[in-house]
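Heads up: the structure comes next, in structure tokens.
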Amino acid sequence: MIGQDFQRLDGPAKVTGQARYLDDIPIANCWYGVTIRSSVPHAKLIGIDRDPDFDWSNITFVTADDIPGENCVFLNTPDQPVLVKDEIRHVAEPVALLAAPSRELALEARKHVTLRYEECEALLDFEQSKGNQIKIFGDNNVFAKAEIRHGDIDAAFANAECIIEGDYYTSHQEQLYLEPQGICAKPREDGGITIFGSMQCPYYIQNALGRILGHERFNVVQTTTGGAFGGKEEYPSILSAHAALLCMKSGQTVKMIYRRDEDLLATTKRHPCKAHYKTAVDPKTGKLLAIDVSLLFDAGAYNTLSPVVNSRGVLHAAGPYYCPNVHIIGEMVATHTPPNGAFRGFGAPQSLFAIERHLDRIARELHFDPIELRNINLFHQGQETPTGQVLKAPLAEAVWKSALDFAAEHPKDSDDFDCNADDTPRRLARGRGMVVGWHGAGFTGNGESIFKAKSDVELNGRDVYIFTGSIDMGQGLDSVFPAIVADTLGLPIERVHMGPHDTAQVPNSGPTAASRSTMVVGAVVKKAAENLIEALKAEIGASDGETFAQMVDRRQNTAPLRVRAQYPGDSAVWDRDLYRGDAYPDYAWISVLVDLDVDLDTGEILFRRLFQSADAGVCLNPQSVRGQFEGGALQALGWSHSEHVIVGQNGAMRNNHLTDYIIPTSLDAPDMSVDLKNIPFESGPFGAKGMGEMPHDCPAAAVAQAIEDATGIVLDELPMNPEAIVAKLLARSEKE
Amino acid sequence: MRIQFELNGQPVEIDQPPMARLVDVLRIELGLTGTKEGCGEGECGACTVLMNGEAVNSCLLPICQVQGASITTIEGLGQMADHPMQKSFLEHGAVQCGFCTPGLILSSTAFLKENPNPTRAEIRRALAGNLCRCTGYQKIINAVYDEAFAKGEEK
């Protein structure tokens, strides 16, 4: 089964409408919870007024004073409150909650609550944040800083014949999972609470709630999750706390599901990033001699996962290119805006857009072909990355060669693709972009070896059940884990099942994040299956040549046999203070080719064709892996062109509706093809490597290069929407 | 008001305020939760159902307009995943998180009834009202195209 295309196990339930997402689960006597949010970015909260003429008898009302434990959603630092007590730090910040027996009544009651505040000066521009007299976090508003030093950049710049500098900007992006955020809290018989809903990381919630509720009598259960992309990594913790507080005070089951406008307004987005690149280049050979990078990320008002996003941005910022002298510094700063957070790629798409655009700038200024410049500088096997990690395999070359071959076979003017056939007469210009990228999967450095993810496998009757804290949000984990176990045990997949994703029953396998689930947790699940074979042998006595299925048939004992495994560790050696060593267990590699037409009158981009060649180790279910590459690439094309989070004067997203936040439709998508290298990765289960985020890393830069190829227009900022393109076209024609 | 209509081949009679949204009636009153709500403003298509064979957004449809109509939801297409379009989506890996899937399957089914021999470009146009954030649409378009082709062979 492993290594072959196979149908996902949750498919039949999903195509028949039987899969139960949170709002589909029938719950008797369910109350509805809603949130009262701030409408200003920075203020002193003076009071929360409830209309005395409204009937509050059937409403449960919760403020910060109702929190039994700490008023803090703990993740990296204890800075984010569950509910505002004194100081409002961003628009749409939760201040109070209410629940009622019906959604209509809850929404009506919310209209009868007024927040009184004394407005303060807000700090909204992240470039003004560091050291600003308006303090949001610590002494200087810097949540996190990460720095890499490699070689001697001072000497390299001092001797440089040619120095090229550039600035690049990447914007917010909304994950836009189709199922909005939702959590339900239900009283347990023992006085505790069961939290269930749409989430990526049940144990994040488990770890955050204890401090807030002041007790540990709760469990967290993931329900079928309709997309997440990072958006349901940290946010469900605060939503769970809200639902739990309403549940505790009312004694009722309370469901909170955001409408789309509230979801877009209040929840996390991709961090905007300003990047400055300064490089020393040999003008004759095109070789990179020194790279000096500074990245500045907008974290929003609270820290959340921002330090890790910053770190990943820094670690990828020099791109898949060899350079002997590198300095990279990244800083994550605070603003009075809703916190930004996890989103597929987690900092890497930001810095990879910048390095790829910078390479194109070098090519432009030194009259190199952009492809040739990449040929010259691309990593080779045995070379060192900026952290000193030695690359073990010639994989950058392999994926890049595939893109070159594809380009040769399919000239950009050929129309051998299937995409939207637009009959509108247009003045079009065709362009092609080709870029290359890398993505480290798993926790940074030796983080996985320290964390030691755990999972269980249980023989129960004739079937085997998998217990893990990792979840399926659409990427297919609930199919690939059973396939791993079935192949390891030699059982048909019909006899292998996922156990409930319930923290009361599963050990902590870490967050479903960082492209780590198949590569790291998959290895743990495989080890657990191997341990099960040993445990069964030990129980009933081994006989030669007997299969696991035969042993199961021979077993008399009917008690469930459950075993645990933990991540055995990998060879990564990492100095987290100096940022030296193996930044990840390994990198995965990708090249992207995009063909597009630019409408020279409207500035629209018509995506025609997108080719990706990727090293993702051995693909356990190639069809599913292709689906990740195709979906991730289109999400990145949306970021590059149509998805524009418009931030208003108060720091709020103004276009918080699907009518004006434009994600790609089937008409916008290019014809996509994916070339998978299938080269085994030694530490991954059956040779698999993490890949879920990598598809988001490169397409935006490829689009920018293709626009330049088509029109000569240089765009170094996202989104490269029709307005931006037309403005450049007009500016050029005025000059002429 | 009293509303009578046909739902998945069965007559239904219910008492609802005339402006109640069809999506709420289906999901809350009738327990048919295969129809999803993704945006509530007719942009995402997750709430797509068939009305007299045509794909409509049930979040935009007041129940009074359903009087006398025939409505098909994903539950009416086949509970055994044996409808050809359901099978084609499964075979092609056109399902990921699945939230858009019922709507896309219904839109695709209605479209192929109208246009049994479509080009890929026509499929793209027909499905433009159904957003999917997971797949990039490639496998969905393949699923619909191959299903049309398979049907064509049977004829």
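The values are calculated or read from the model by the stated rules, or taken from the named source; none is laboratory data. Note that the structure is predicted; figures quoted are calculated from it, not measured. Counting neighbours? That spans all protein chains shown, and the Cβs are built from the backbone with ideal geometry, glycine included.
With respect to the conditions (1) surrounded by 20 or more Cβ atoms within 10 Å (Cβ to Cβ); (2) over 30 Å from A:D553 (Cβ atoms); (3) not hydroxyl-bearing (S, T, Y), A:F481 falls short on a single one, namely (2).
Remark: A:P41 falls outside the filter, which requires a residue to be touching a helix residue (DSSP H, G or I) at 6+ places or on another chain (Cβ under 8 Å) and part of a loop (DSSP other than H, G, I, E, B).
The set of residues in region A:571-601 being at pLDDT below 95 and either in contact with a helix residue (DSSP H, G or I) (Cβ under 6 Å, 6 or more places away or on another chain) or polar (S, T, N, Q) (or both) consists of A:S571 alone.
The rows are residues; the columns are (1) under 19 Å from B:I141 (Cβ atoms); (2) in a loop (DSSP other than H, G, I, E, B).
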{"position": "A:V563", "(1), (2)": "no, no"}
{"position": "A:A583", "(1), (2)": "no, yes"}
{"position": "A:W589", "(1), (2)": "no, no"}
{"position": "A:D595", "(1), (2)": "yes, no"}
{"position": "A:L606", "(1), (2)": "yes, no"}
{"position": "A:A614", "(1), (2)": "no, no"}
{"position": "A:L620", "(1), (2)": "no, yes"}
{"position": "A:E643", "(1), (2)": "no, yes"}
{"position": "A:G651", "(1), (2)": "no, yes"}
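If you take the residues of region A:44-80 that are of a type in the set (V, I, T) and in a strand (DSSP E or B), which of them is nearest to A:G251 (Cα to Cα)? Ranking the candidates gives A:T60 first.
Filtering region A:229-251 to residues that are in contact with a helix residue (DSSP H, G or I) (Cβ under 9 Å, 6 or more places away or on another chain) and part of a loop (DSSP other than H, G, I, E, B) leaves A:F229, A:G231, A:E233, A:E234.
Please specify each residue of region A:211-228 satisfying the condition of being assigned to a strand (DSSP E or B) and either out of contact with any Pro (no Cβ under 7 Å at 6 or more places or on another chain) or polar (S, T, N, Q) (or both).
From region A:211-228, those assigned to a strand (DSSP E or B) are A:218-222, A:224; that's our starting set.
Within region A:211-228, A:F218, A:N219, A:Q222, A:T224 qualify.
Considering each residue of region B:101-122, count those that are under 15 Å from A:D668 (Cβ atoms) and touching a residue at least 24 places away in the same chain (Cβ under 8 Å), and give that number. Step through it out loud before you land on a result.
Step one: filter region B:101-122 for residues under 15 Å from A:D668 (Cβ atoms), giving B:120-121.
Within this subset, residues satisfying the condition of being touching a residue at least 24 places away in the same chain (Cβ under 8 Å) are B:120.
Here the count works out to 1.
For region A:407-506, the strands (runs of 3 or more DSSP E) that sit wholly inside it and include 1 or more residues that are in contact with a Cys (Cβ under 7 Å, 6 or more places away or on another chain) are A:428-440.
Taking residues in region A:725-736 that are of a type in the set (D, E), and partners anywhere that are at pLDDT 95 or above, not one pair has Cβ atoms closer than 6 Å while being at least 6 places apart or on different chains. On the given criteria, is A:D668 away from every other protein chain (no Cβ under 14 Å), in contact with a helix residue (DSSP H, G or I) (Cβ under 8 Å, 6 or more places away or on another chain) and acidic (D, E)? Here the answer is no, as A:D668 does not meet what is asked.
In region B:8-19, the residues that are farther than 13 Å from B:L32 by Cβ reach residues that are of a type in the set (D, E, K, R) and outside any loop (DSSP other than H, G, I, E, B) with C-beta atoms within less than 6 angstrom, at least six apart or across chains, in these pairs: B:D15/B:R2.
The set of residues from region A:1-50 being over 30 Å from A:N678 (Cβ atoms), facing chain B (nearest Cβ under 10 Å) and of a type in the set (K, R) comprises just one member, A:R20. Would you say A:T279 is at pLDDT 95 or above, outside the structural domain of A:W31 (by TED's automatic domain parsing) and crowded, with 24+ Cβ neighbours inside 10 Å? Yes; evaluated as a whole, the condition is true for this residue. Does B:G31 satisfy the criteria of being over 19 Å from A:L22 (Cα atoms) and either within 12 Å of another protein chain (Cβ to nearest Cβ) or surrounded by 24 or more Cβ atoms within 10 Å (Cβ to Cβ) (or both)? When the stated conditions are applied, B:G31 does not pass them. Of all residues in region A:200-224, those satisfying the criterion of being surrounded by 22 or more Cβ atoms within 10 Å (Cβ to Cβ) and in contact with a His (Cβ under 8 Å, 6 or more places away or on another chain) are A:P202, A:Q222.
Determine whether A:P425 is over 21 Å from A:N678 (Cα atoms) and crowded, with 18+ Cβ neighbours inside 10 Å. It is false that A:P425 is over 21 Å from A:N678 (Cα atoms) and crowded, with 18+ Cβ neighbours inside 10 Å. Among the conditions (1) surrounded by fewer than 24 Cβ atoms within 10 Å (Cβ to Cβ); (2) in contact with a helix residue (DSSP H, G or I) (Cβ under 6 Å, 6 or more places away or on another chain); (3) in contact (Cβ under 8 Å) with a residue 40 or more places away in the chain, the only one that A:S683 does not satisfy is (2).
For region A:340-399, a residue qualifies if it is among the β-branched types (V, I, T) and within 26 Å of the chain's Cα centre (by Cα), and the qualifying residues are A:I355, A:T385, A:T387, A:V399.
Quick grid of which residues meet (1) assigned by TED's automatic domain parsing to the domain that holds B:Q10; (2) in a helix (DSSP H, G or I); (3) aliphatic (A, V, I, L, M):
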site	(1), (2), (3)
B:L32	yes, no, yes
B:C59	yes, no, no
B:C64	yes, yes, no
B:G68	yes, no, no
B:F89	no, yes, no
B:G98	no, no, no
B:A128	no, no, yes
B:A143	no, yes, yes
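When B:L61 is tested against (1) surrounded by fewer than 24 Cβ atoms within 10 Å (Cβ to Cβ); (2) under 13 Å from A:P12 (Cα atoms), exactly one condition is not met: (2). Of all positions in region A:101-121, none carries a residue that is in contact (Cβ under 8 Å) with a residue 24 or more places away in the chain, under 25 Å from the mean Cα position of the chain (by Cα) and assigned to a loop (DSSP other than H, G, I, E, B). Does at least one position in region A:606-623 carry a residue that is in the same structural domain as A:T387 (by TED's automatic domain parsing), hydroxyl-bearing (S, T, Y) and surrounded by 15 or more Cβ atoms within 10 Å (Cβ to Cβ)? Yes - at least one qualifying residue is present in region A:606-623.
Is there a residue being within 30 Å of A:R654 (Cα to Cα), of a type outside the set (D, E) and modelled with pLDDT of 95 or more anywhere in region A:373-394? Scanning region A:373-394, I find no residue that is within 30 Å of A:R654 (Cα to Cα), of a type outside the set (D, E) and modelled with pLDDT of 95 or more, so the answer is no. Condition first: within 12 Å of chain A (Cβ to nearest Cβ), part of a strand (DSSP E or B) and aliphatic (A, V, I, L, M). Now tell me which residues in region B:34-57 satisfy that. Across region B:34-57, the qualifying residue is only B:V49.
Please find, within region A:250-264, the residue that is surrounded by the most Cβ atoms within 10 Å (Cβ to Cβ) out of those that are under 28 Å from A:T194 (Cβ atoms) and aliphatic (A, V, I, L, M). Quick ask: steps written out before the conclusion?
Of region A:250-264, the ones under 28 Å from A:T194 (Cβ atoms) are A:250-260, A:262-263.
So of that shortlist, the ones also aliphatic (A, V, I, L, M) come out as A:254, A:256-257.
Values: A:V254: 32, A:M256: 25, A:I257: 24.
That would be A:V254.
Give just the number: which of (1) under 29 Å from the mean Cα position of the chain (by Cα); (2) buried (at least 23 other Cβ atoms within 10 Å of the Cβ) does A:T16 not satisfy? If we test A:T16 against (1) under 29 Å from the mean Cα position of the chain (by Cα); (2) buried (at least 23 other Cβ atoms within 10 Å of the Cβ), just (2) comes out false. For region B:99-139, filtering for residues that are buried (at least 21 other Cβ atoms within 10 Å of the Cβ) and within 7 Å of chain A (Cβ to nearest Cβ) leaves 15.
Here the strands (runs of 3 or more DSSP E) wholly within region A:158-210 that include at least 3 residues being assigned by TED's automatic domain parsing to the domain that holds A:N71 and of a type outside the set (F, W, Y) are A:182-187, A:193-197.
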